Amino acid sequence: MAAAYDREDGLAPAPPPHAADAYDPNYVPDSVKTFVVHLYRHIRDKNVYEIHQMYEGGFQRLSDRLFRDAPWPSAEAVAPYCDGDHVFLLLYRELWYRHAHARLSPLTAAHRAESWTNYCDLFGVVLHGVVNMQLPNQWLWDMVDEFVYQFQSFCQYRAKLKNKTEDELQQLKQFDKAWNVYGVLNYLQALVEKSMITQILEREKEGLEQFTATDGYDYEGGSNVLKVLGYYSMIGLLRIHCLLGDYHTGLKCLAPIDLNQQGVYTIVIGSHISTIYHYGFAKLMMRRYVDATREFNKILLYILKYKQYHQKSPQYDQILKKNEQMYALLAICLSLCPQNKLIDENVSTQLKEKYNDKMTKMQRYDDEAYAAYDELFSYACPKFITPSPPVLDQPLTNYNQDAYRLQLKLFLYEVKQQQLLSGIRSYLKLYSTITIGKLAQYMEVDEATLRSILMTYKHKMHAVDSDGKIVSSADFDFYIVEDVIHIVESKPTKSHGDYFLRQILKFEEMIGELEKVQFD
């Protein structure tokens with residue numbers, strides 16, 4: 001069916017592009033009729049492959065060709081081409097509002113509130129109805145991702161009060177219940193609980209369930225929608241809690257997903273990147289630099305290898321942006337807590353090309369270093385939000401940057417505290433043992449102050465992991481016995497197995513090439 005659809009789409013005469021002010025919501029071009037008819041049929045038939053082709057390809061092509069600066073036809077207008085199916089029209093509206101958020105500006109509070117209502121209805125059907133669909137993971141991920149994005153966008157919009165018109169202020173009052181933070185969190189949490197995804201992942205660890213192996217699909221004729229939405233909702237909750245500055249709760253929400261194993265989150269590259277970006281950022285803010293560095297290194301290496309395969313993807317620009325932001329976050333991690341043994345050579349080369357000068361500055365802990373930390377954090381951090389609605393009776397001001405300023409202040413306060421430790425690491429790396437008196441003399445402080453600095457360093461380089469254990473982030477440790485500091489440098493464990501596997505793969509490739517030559 002996809003081939004027929006492509007032919008009709010390609011040959012249908014394109015009407016003149018609608019200007020936004022001349023938009024007729026009831027006009028449905030022939031190619032859109034064809035798109036809706038085929039998409040509805042494939043969803044009814046549970047033909048995931050064809051749905052994915054139309055969702056990723058057809059919808060984007062039509063949006064670029066016919067609706068570059070105008071909305072799609074209204075759901076009411078396309079209803080005759082899908083038998084007026086209620087659930088299909090909820091899915092269509094989800095695409096409609098997503099396209100509007102991406103292409104149209106400015107969006108009114110009414111549009112944003114209508115999108116919220118549609119998500120409530122759609123998730124309500126999934127939670128309380130019998131959903132008999134198989135939808136592509138890409139669509140289900142985009143659904144959760146867009147839900148969180150529109151919540152974030154609405155919080156930013158209503159926090160910019162200074163230049164709002166009287167009509168806009170009236171709309172904010174009228175739609176004051178839309179995108180309520182508790183409602184957003186409750187829907188995502190309800191999807192997690194109703195889907196029983198936590199129990200499914202536990203059963204998978206015991207070998208009693210096939211969730212990752214089937215990519216979350218139900219090949220026995222059931223539905224993947226609730227399970228996969230529940231799975232992606234855990235990532236959505238991590239993202240929201242990061243936007244709110246509650247990193248501990250965010251990581252707790254993600255805990256059922258084992259990042260050390262392949263999972264459904266890695267199937268969709270947008271999901272993979274969003275998960276690691278927010279996970280790494282939360283770890284950074286909780287001073288768990290080793291975990292953050294390890295995950296940033298893995299995902300940056302992955303993007304380096306595979307980004308060329310996503311050049312035609314609608315998410316490609318977002319992939320590149322997050323890639324750059326994660327390099328900046330990695331530069332911060334390594335400046336606060338050097339861990340070069342965890343970094344792949346290719347990632348290290350890219351990092352040096354991008355941030356070598358700034359990292360040199362940040363390791364000095366002077367005013368220039370402080371400015372560099374400020375710049376990189378501001379560039380790479382999420383767009384923090386203030387979840388509470390504004391008080392519209394007070395003098396109207398913009399407070400959309402308040403949450404960001406607070407997080408920046410807390411981060412720079414942490415950096416400032418670590419300025420007290422300037423020099424201590426470089427001295428300790430030079431010795432295996434040194435007396436407190438001698439080190440105090442080198443650092444030009446008294447012994448009491450040095451002991452305080454040493455304890456501060458111990459504190460800053462240790463964090464509490466997910467299991468409540470205290471773990472070290474430093475690449476060396478020390479202890480004091482009778483006024484003598486003993487330095488213990490951690491030695492990397494050599495992974496001989498990985499080395500031999502790489503050599504075996506190289507030899508297999510060479511043998512394959514030789515066999516081709518002999519065959520020719």
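Observations
- Considering only residues in segment 380-409 that are touching a Ser or Thr at 6+ places or on another chain (Cβ under 7 Å) and open to solvent by less than 50 Å² (accessible area, probe 1.4 Å), the one that is modelled with the lowest pLDDT turns out to be Y399.
- Candidate set from segment 58-108 (those that are closer than 25 Å to S313 by Cα and among the polar types (S, T, N, Q)); member that is most open to solvent (accessible area, probe 1.4 Å): S105
- Elements of the type helices (runs of 4 or more DSSP H) sitting completely within segment 243-331 and holding at least 3 residues that are without any contact (Cβ under 8 Å) to a residue 40 or more places away in the chain: these cover 247-254, 289-306.
- Selection within segment 114-139 - more than 24 Å from the chain's Cα centre (by Cα) and outside any loop (DSSP other than H, G, I, E, B): E114, T117, D121, G124, V125, L127, H128
- None of V517, V484 is surrounded by fewer than 10 Cβ atoms within 10 Å (Cβ to Cβ) and at pLDDT 70 or above except V517.
- When segment 25-43 is limited to residues that are open to solvent by 70 Å² or more (accessible area, probe 1.4 Å) and in a loop (DSSP other than H, G, I, E, B), the one that is modelled with the lowest pLDDT turns out to be N26.
- Check on Y182, assigned to a helix (DSSP H, G or I), without any contact (Cβ under 8 Å) to a residue 24 or more places away in the chain and open to solvent by 20 Å² or more (accessible area, probe 1.4 Å): yes
- Of all residue pairs spaced 6 or more apart or on separate chains, those with beta-carbon atoms under 8 Å, a first member in segment 372-386 that is in the same structural domain as Q152 (by the TED database) and a second member that is open to solvent by less than 10 Å² (accessible area, probe 1.4 Å) and hydroxyl-bearing (S, T, Y) are Y373/S335.
- Test: residue in segment 207-224 that is touching a residue at least 24 places away in the same chain (Cβ under 8 Å) and outside any loop (DSSP other than H, G, I, E, B): no
- Restricting L412, L421 to residues that are modelled with pLDDT of 80 or more, surrounded by 14 or more Cβ atoms within 10 Å (Cβ to Cβ), aliphatic (A, V, I, L, M) and closer than 30 Å to Y379 by Cβ narrows the list to L412.
- Selection status of K283, open to solvent by less than 40 Å² (accessible area, probe 1.4 Å) and either at pLDDT 95 or above or touching a helix residue (DSSP H, G or I) at 6+ places or on another chain (Cβ under 9 Å) (or both): yes
- The condition (being more than 15 Å from L376 (Cα to Cα) and surrounded by 17 or more Cβ atoms within 10 Å (Cβ to Cβ)) is satisfied by just one residue among I319, I332: I319.
- Among the numbered conditions (1) touching a Pro at 6+ places or on another chain (Cβ under 7 Å); (2) buried (at least 20 other Cβ atoms within 10 Å of the Cβ), the only one that L351 does not meet is (1).
The values are calculated or read from the model by the stated rules, or taken from the named source; none is laboratory data. As the structure is a computational prediction, the values presented were derived from the model and not from experiment. Please note: Cβ atoms are built from the backbone with ideal geometry, for glycine as well, and neighbour counts cover all protein chains shown. The area values use the complete protein model at the heavy-atom level, side chains included, leaving out ligands, DNA and RNA. Shrake-Rupley method; radii C 1.70, N 1.55, O 1.52, S 1.80 Å.
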